[in-house]
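The values are calculated or read from the model by the stated rules, or taken from the named source; none is laboratory data. Because the structure is a prediction, the values reported are computed rather than measured. Cβ atoms come from the backbone with ideal geometry, glycine included; neighbour counts cover every protein chain shown.
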Amino acid sequence: MSSTPKHTLRILFVDDEPVIRKLMEKELRRMGHDPTICADGHEAIEKLDKNTYDAVITDLRMPEITGWDVVDHIKRVAPDTDFLICTAHGDVDDAIRALREGAFDFVPKPLQLFEVSAALQRIAERRSIENKAIALEKRLEATEGPVKMIGETPAMEQVKKLIDKVSPSDTTVLILGETGTGKEVVAQQIHARSLRANAPFVAVNCGALPATLVESEFFGHRKGAFTGADQPRKGLFEVANGGTLFLDELGELDKSMQVKLLRFLESGEIRRVGENDAFHVDVRVVCATNCDLHDMVQAGTFREDLYFRVNTFEIHLPPLRERREDIPRLAQHLIARHRKLVEAGEDAISPSTMERLIEHDWAGNIRELANVLRHAVVLAGDDRILIEHLPASLSRDAAQIPNAPTLRLDSQRPKTMKEIEMEVIMQVLDKLNGDKPKAAKELGIALKTLYNKLNSYQEIHPDRIAG
């Protein structure tokens, strides 16, 4: 497996000598960076007021506005930007002042390209580590369900083969499956087996982002771009630079953001909110949805051109009821995880309890199984998990449960997947006395998604939900 792809920096280079500007623009591009060239301090300050850069390389001795003036401006408007000082008139005092001012390095003229390249590489490595830390923090905030792939059924073996095939490429992948089937785990496996494994993996639930902040979350913003933007902020595409961005619940994106995502997939460029200049990031996109995007295209709620762009390579995840043989291993893994153990033995759960788990239809799939076992572990403590430790819906017949779900279905025909899903939603809502925010959290979906599901089902079958 090769090393992490090179990290491209957005660089502002400032020098009043035309020959040096021409040379450095060429050389910075050759090094793999994205340079913006300025002829004087005035131009540099204008650029800093309109765009954000990873690093600034500035000459010190320039007419009217000096390099020190540029440095002062950087510290005011872009404190996260690294800067390098270079000058033909440098002495020990300049070097000391540069470091005191917070310069990343001091490079004397005539510039030695290997010194500039080495300094920029150090900046890139530090920023990559920062991005990994941000990505890890987001993953820890959103962790749920199993973190490794468990399954030996033919359907899961096929999924594993597809992961092995597609991982080494940079192909956009679309993961399809019902809610809770482990689509993020598949995305993590694709990343771990790719050439980007040492770079950030960033996961975002598109349905959980407030509509007013989606663009800023994706692409970042500059200071003052809108009310409340007190500091510049990296977007998720920047955080994932060199790595993989996982877009879960893709079908929840509104049309305006679908256009911007399509533009990135076609050009590789993004633009921070409030900035004028677009810049390139090296990000592989993996998408997932439990929606039928083809039906959404037909309904006019999802762009056809974006559908074809993200649908380059499909992986279908089977629901848990179609791979019941995997339930014992999944259950042991989840029990160990809830109890913070390396592994759980076969005696961690009684045979009759395991039989009940295998018989259950698991409309919420692995996420529902994880929640059931979390409930059981709380009740059982370190003891063996018995049937009475399971939630009421599994520990006794549903007919005996007081206040059973109010969803009314025609018993003379098979239930559709949408009806099964709605049964689970109604059970959770009933248990929580109709508290929709709590229900969305327990179901592992965004509140917006819960409302959409309830509204869509009400429109199609207004007579089947009481109350």
Subset of region 172-185 [of a type in the set (Val, Ile, Thr), at pLDDT 95 or above and surrounded by fewer than 23 Cβ atoms within 10 Å (Cβ to Cβ)]: THR172
Test: ILE37 is in contact with a helix residue (DSSP H, G or I) (Cβ under 6 Å, 6 or more places away or on another chain), free of Cβ contacts under 8 Å to residues at least 40 places away in the same chain and not in a helix (DSSP H, G or I): yes
Of the criteria (1) closer than 25 Å to LEU265 by Cβ; (2) at pLDDT 90 or above, which one ALA142 fails: (2)
Residues (in a helix (DSSP H, G or I) and among the hydrophobic types (A, V, I, L, M, F, W, C)) located in region 348-373: ALA348, MET354, LEU357, ILE358, ILE366, LEU369, ALA370, VAL372, LEU373
GLY345 being in contact (Cβ under 8 Å) with a residue 12 or more places away in the chain and not assigned by TED's automatic domain parsing to the domain that holds LEU262: yes
Odd one out for THR52, checked against (1) more than 21 Å from GLU115 (Cα to Cα); (2) free of Cβ contacts under 8 Å to residues at least 40 places away in the same chain: (2)
Selection within region 9-34 - β-branched (Val, Ile, Thr) and either under 20 Å from VAL77 (Cα atoms) or outside any helix (DSSP H, G or I) (or both): ILE11, VAL14
Residues within region 349-375 that are crowded, with 22+ Cβ neighbours inside 10 Å, in contact with a Lys or Arg (Cβ under 8 Å, 6 or more places away or on another chain) and without any contact (Cβ under 8 Å) to a residue 40 or more places away in the chain, tallied: 1
Which numbered condition GLU252 fails, given (1) among the acidic types (Asp, Glu); (2) out of contact with any helix residue (DSSP H, G or I) (no Cβ under 9 Å at 6 or more places or on another chain); (3) crowded, with 19+ Cβ neighbours inside 10 Å: (2)
Any pair with Cβ under 6 angstrom, 6 or more apart, that starts in region 105-122 at a residue that is of a type in the set (D, E, K, R) and ends at one that is in a helix (DSSP H, G or I): ASP105/ALA119
Region 255-292, subset surrounded by fewer than 16 Cβ atoms within 10 Å (Cβ to Cβ) and among the polar types (S, T, N, Q), residue modelled with the lowest pLDDT: ASN276
Matching residues, region 376-386, being assigned to a helix (DSSP H, G or I) and buried (at least 17 other Cβ atoms within 10 Å of the Cβ): ALA376, VAL377, ALA380
Yes/no for GLY300 being loosely packed, with under 15 Cβ neighbours inside 10 Å and either outside the structural domain of SER169 (by TED's automatic domain parsing) or under 18 Å from LEU390 (Cα atoms) (or both): no
Selection status of PRO18, closer than 22 Å to GLY274 by Cα, without any contact (Cβ under 8 Å) to a residue 40 or more places away in the chain and not acidic (Asp, Glu): no
Checking LYS47 against (1) of a type in the set (D, E, K, R); (2) assigned to a helix (DSSP H, G or I); (3) farther than 30 Å from SER216 by Cβ, the condition it does not meet: (3)
In region 56-77, the residues that are surrounded by fewer than 22 Cβ atoms within 10 Å (Cβ to Cβ), of a type outside the set (Lys, Arg) and not in a loop (DSSP other than H, G, I, E, B): TRP68, ASP69, VAL71, ASP72, HIS73, VAL77
Total residues in region 215-241, condition touching a residue at least 60 places away in the same chain (Cβ under 8 Å), surrounded by fewer than 23 Cβ atoms within 10 Å (Cβ to Cβ) and of a type in the set (Gly, Ala, Ser): 0
Condition met for ALA78 (modelled with pLDDT of 80 or more, of a type in the set (A, V, I, L, M, F, W, C) and in the same structural domain as PRO35 (by TED's automatic domain parsing)): yes
Odd one out for GLU275, checked against (1) assigned to a loop (DSSP other than H, G, I, E, B); (2) in contact with a strand residue (DSSP E or B) (Cβ under 6 Å, 6 or more places away or on another chain): (2)
